[in-house]
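The values are calculated or read from the model by the stated rules, or taken from the named source; none is laboratory data. Just so it is clear, the structure is predicted and the values come from calculations on it, not from any experiment. Backbone-built Cβ (ideal geometry, glycine too); neighbour counts: all protein chains shown. The area values use the complete protein model at the heavy-atom level, side chains included, leaving out ligands, DNA and RNA. Shrake-Rupley method; radii C 1.70, N 1.55, O 1.52, S 1.80 Å.
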Amino acid sequence: MTPEARLVRNLKGITPASIWLTQGIVTAVDGLTCTVEIGDAQIEGIRLRASLTGRERQILTVPKIGSAVTLGSLSGDINQLVVLQVDEVESITVNGGHLGGLVKIQELTDKINALVDAFNRHTHTVQPGMVITPSGANTAPVLVPEVTVRAAKLDRNDFEDIKITH
């Protein structure tokens, strides 16, 4: 028996006899599960991720109520349904969400560049008596000029990873 034929035989032995897919509309969300309307039926307890374990190193995609979802069955019937795809997302939590929300990259870049501009244009005056030299303290105000080596502006491409966008 070829390795490919052995793989097919082994997969048939561990997978359900039939694959069951359907589509429905989300009517409620409760933690790691949701309720979906399929035709005239309301089916509760549909998984939002592959398992219901308490581990946080998973992705939880919460569909928006009223949006369409594609469902698959882990048992070949309406038992053990899991959401496979969502049309509209209410939220996505990666690895428990402890790091907070995603960065709005353009807004961050604009704020950093405003700070760079303020730094590059900054001047100030040192009041009399504040600068001490071997010949004594300054007797008149001293204008400290702008920096001569300016900070460079940032470009979002300097720190943006576009593999995950929102």
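Tabulated data
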read-out	value
Members of the stretch 49-96 that are of a type in the set (A, V, I, L, M), under 19 Å from the mean Cα position of the chain (by Cα), open to solvent by less than 60 Å² (accessible area, probe 1.4 Å) and over 12 Å from G24 (Cβ atoms)	L60, V62
Looking only at the stretch 13-30, and only at residues there that are surrounded by 10 or more Cβ atoms within 10 Å (Cβ to Cβ) and over 29 Å from S91 (Cβ atoms), the one that is modelled with the highest pLDDT	T15
Residue in the stretch 3-10 that is in a loop (DSSP other than H, G, I, E, B) and more than 23 Å from V89 (Cα to Cα) present	no
Meets criteria (surrounded by 15 or more Cβ atoms within 10 Å (Cβ to Cβ), out of contact with any Pro (no Cβ under 7 Å at 6 or more places or on another chain), of a type in the set (S, T, Y) and farther than 12 Å from V86 by Cβ) for T33	yes
Inter-residue pairs, beta-carbon under 6 Å, first farther than 16 Å from L74 by Cα and of a type in the set (S, T, N, Q) and in the stretch 36-64, second open to solvent by 80 Å² or more (accessible area, probe 1.4 Å) and outside any loop (DSSP other than H, G, I, E, B), 6+ apart	T61/I92
